[in-house]
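Presented below is the structure to which this report refers.
What follows is calculated from the coordinates using simple rules that are stated; it is not laboratory data. Bear in mind the structure is a predicted one, so any value in this text is a computation, not a measurement. Quick reminder, even Gly has a Cβ in these numbers, built from the backbone with ideal geometry, and neighbours come from all protein chains shown.
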């Protein structure tokens, strides 16, 4: 176990801090800390950084409400970079994006990762950037009653498929249900991490 005094700060007394979502493992942002902001972070259990542009302490979420509850802090092998795992209370980026890393430069389409979080992000992007003819945008335009109706219908389809003992059809219908549940979550402002956190509470040893 190392201490704050073991860390290597740069000539300005700063150390870069990579912030990672504890549940999704996505990298959310890169910020800087000095010894004082790190001490505050460890004491308060919420991230506090040093703003290089304003030259002052910056408690994340102090004005926006998008705080970051600290789960762990570790240093790399050279003790000159921090990795902070957090549970976020709202978007990490000042633009409103869940992560600051959304300006894609390159991605190998053949190796593109797909997950439930990816699905959520796709639906979120469609809500923020509507496209003509989009079924997702149609659901959001119709509103909560239509979305709830579809969730109910897809739930029934899952039951019917499972009762028919068709593995392929059951998988297909569960995928449909997941999609519509995610649309509902976005409509109600619920993040996947909140669901994971709730499940984690129920299964702690």
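Obtain the nm distance between the two label points defined at residue 127 and residue 171 by a simple spin-label model: each point lies 7 Å from its Cα along the Cα-to-C-beta direction.
2.9 nm
How much mean residue ellipticity at 222 nm does the chain get from its helices, if each DSSP H run of length 4 or more adds -39500 (n - 2.57) and you divide by all residues, to the nearest 500 deg cm²/dmol?
-13000 deg cm²/dmol
For segment 147-186, place one equal point scatterer on every Cα, skip the solvent, and apply the Debye formula. What is log10 of I(q)/I(0) at q = 0.13, 0.25 Å⁻¹?
-0.23, -0.71
What whole-number value in cubic angstrom gives the convex hull volume per residue for the C-alpha atoms of segment 79-205?
It is 205 Å³ per residue.
Length gain on complete extension for the stretch residue 69 to residue 119, per 0.36 nm per residue less the alpha carbon to alpha carbon distance?
In short, 15.5 nm is gained.
What is the calculated FRET efficiency for residue 11 to residue 42, with r their C-beta to C-beta distance and R₀ = 25 Å, to the nearest 0.05?
With a Förster radius of 25 Å, E is 0.60.
What does the extension gain come out to for residue 155 and residue 1, with contour length at 0.36 nm per residue minus their alpha carbon separation?
Once the chain is fully extended between residue 155 and residue 1, it gains 50.5 nm.
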